[in-house]
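**Q** Sharing a structure below in structure tokens format, with a few things to ask.
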Amino acid sequence: MALIRLIRHRPGAPGLRLFGLGPDLKPSRGLLKLRRLLDKHAFWAVGRSSRELRQMLAASNVVVSLWRGKRIVGFGRATSDCIYRAVLWDVVVAGDLQGYGLGRKVVEALLDAPQLKSVERVYLMTTNSSNFYRQLGFKTADNQNLFFKKKDFD
């Protein structure tokens, strides 16, 4: 497998968000490539616009991406108050590269970020990757309920 590079973006990922920068801070149309990665490999993130992705990145405390040459092949982000709680979001690896430890690399990079290092509790939600997260030490929260309220945009 060709070299995979992990990029630890600054909070809000300004290089990726504003200039589409990839590895070595080179222009790479990174935001477009991120949108394509999410559209193809993350059913929960299909159809996000570039404007929405820029807003999402701007509000993220921790952002990491994986690159194989000029191709973005993995991504993850976290939001946090940096002391009590954090949530991992949008952890995704291209389907043709799953099973090589890249998802683990993304999650570990998120958890090792200074903004999350001292957080008491890290949350995440998953639909079909429970076993993957259990292998990384996450447990189900049996004593908690997940609630949500969907906004009506009509």
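**Q** Ser80 - would you say it is over 23 Å from Leu111 (Cβ atoms), out of contact with any Ser or Thr (no Cβ under 9 Å at 6 or more places or on another chain) and not basic (Lys, Arg)?
**A** No, not satisfied.
**Q** Quick check on my filter: what residues within the range 46-103 are closer than 25 Å to Lys139 by Cβ, in a helix (DSSP H, G or I) and free of Cβ contacts under 8 Å to residues at least 60 places away in the same chain?
**A** Scanning the range 46-103 gives a single hit, Gly103.
**Q** I'd like the residue in the range 111-154 that is of a type in the set (Lys, Arg) and under 20 Å from the mean Cα position of the chain (by Cα) and, out of all such residues, is surrounded by the most Cβ atoms within 10 Å (Cβ to Cβ).
**A** My answer is Arg134.
**Q** In the range 106-139, how many residues are within 18 Å of Ser60 (Cβ to Cβ) and in a helix (DSSP H, G or I)?
**A** Here the count works out to 7.
**Q** Six or more apart or on different chains, Cβ atoms under 6 Å: show the pairs whose first residue is in the range 15-42 and part of a helix (DSSP H, G or I) and whose second is polar (S, T, N, Q).
**A** Matching pairs, first to second residue: Leu31/Ser50.
Every number in this text was worked out from the coordinates using simple rules, so none of it is lab data. Please read all numbers here as calculations on a predicted model, not as lab measurements. Cβ: placed from backbone, ideal geometry, glycine included. Neighbour counts: every protein chain shown.
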